[in-house]
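The values are calculated or read from the model by the stated rules, or taken from the named source; none is laboratory data. Quick caveat, the model's predicted, so the values are computed rather than measured. Heads up, the Cβs are rebuilt from the backbone with ideal geometry, glycines too, and the neighbour counts pull from every protein chain shown. Keep in mind that these areas ignore ligands, DNA and RNA; they rest on the heavy atoms of the full protein, side chains included. Shrake-Rupley method; radii C 1.70, N 1.55, O 1.52, S 1.80 Å.
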Amino acid sequence: MNRFTDRFSDNGGQTKFDPKVIFNFGNLDKSTKSHLKNVYACVTMEIVAAALGAAINCYLKSSVLHFGGIIGLFVFMYLTISSHNSATPLKRLGYVGGLAGCVGLESSYLLDYVISVDPSIIVTAFVTTSVVFVSFTLTALYAERRSMLFLGSLLSTALSGLFILSLANLFFRVPSVALFSVYVSLIISCLFVMYDTQLIVEKKRLGDNDFIWHSVDLFIDFIIIFKDLMIILTDKEKKKRRSNN
């Protein structure tokens, strides 16, 4: 708690809060702060690229682009990983931008479905995702060093269980199980934000300066949270309409 209470200063018997010190992160050295700035700049760029990809395919409604996006995901991910030591940063940024754009293309079917129910859900889900992402990121950065890294094995196990559950439900097709899987996925992704944030900090301290690839982990966390929230909010809206009718 001291990390948070130290953000308040006592002046004349009154406790005042200085918003500037929220992002001081005195526990991080200068090079790590600079690294994180690059990481979050890349995440922002990737979100914009994904939004453009989604907007293009929502407008064109092309199944070819949708499946092309799925294939492109693997192609650009391979190029991003394999070019770590050979390509220039600008070229790798292009690969990551292509990867993010393909994520947007692949997400167009879900977005079309949400729009058919209530377009405002997309805005609500995006704003909520942004708030959740920032909150869990700050939690990880304020927490004790490496205190969240124990989550790695637990989250990997939870992901394996979720995959098996989702795979089994492909045959049984139980709606409640599918929705339960979305809620579990949301919780796992939120925890991954904290885990990945501290893992990136530790990798930087150990000499790994690949901020481009580090940003991909957080971008994936953001997208999964966004998709899960859209599904949950859409389901709630549909139930609300059915109850009103």
- Got a number for residues in the range 183-204 being of a type in the set (Asp, Glu) and either surrounded by fewer than 16 Cβ atoms within 10 Å (Cβ to Cβ) or within 14 Å of Val132 (Cα to Cα) (or both)? 1
- Query: With Ser130, Ser153, Ser160 as the choices, which residue is in a helix (DSSP H, G or I), open to solvent by 70 Å² or more (accessible area, probe 1.4 Å) and either out of contact with any Cys (no Cβ under 8 Å at 6 or more places or on another chain) or modelled with pLDDT under 95 (or both)?
  - Reply: Ser153
- Task: Report yes if some residue within the range 104-111 is in contact with a Lys or Arg (Cβ under 7 Å, 6 or more places away or on another chain), assigned to a helix (DSSP H, G or I) and more than 30 Å from Gln198 (Cα to Cα); otherwise report no.
- Result: yes
- Quick one: would you say Val123 is of a type in the set (A, V, I, L, M), assigned to a helix (DSSP H, G or I) and surrounded by 14 or more Cβ atoms within 10 Å (Cβ to Cβ)? no
- Working only within the range 136-150, note down all residues that are farther than 13 Å from Asn27 by Cβ and either part of a loop (DSSP other than H, G, I, E, B) or of a type in the set (A, V, I, L, M, F, W, C) (or both). Phe136, Met148, Leu149, Phe150
- Task: Please specify each residue of the range 70-111 satisfying the condition of being open to solvent by less than 10 Å² (accessible area, probe 1.4 Å) and farther than 30 Å from Asn209 by Cβ.
- Result: Ser108
- Message: What are the pairs with Cβ atoms under 9 angstrom where one residue, in the range 52-67, is without any contact (Cβ under 8 Å) to a residue 12 or more places away in the chain and the other, located anywhere, is open to solvent by 60 Å² or more (accessible area, probe 1.4 Å) and of a type in the set (A, V, I, L, M, F, W, C)? Sequence gap at least six, or different chains.
- Response: Ser62/Ile56
- Query: Any chance the range 205-221 includes a residue that's among the basic types (Lys, Arg), open to solvent by 40 Å² or more (accessible area, probe 1.4 Å) and either within 23 Å of Ala100 (Cβ to Cβ) or not in a helix (DSSP H, G or I) (or both)?
  - Reply: no
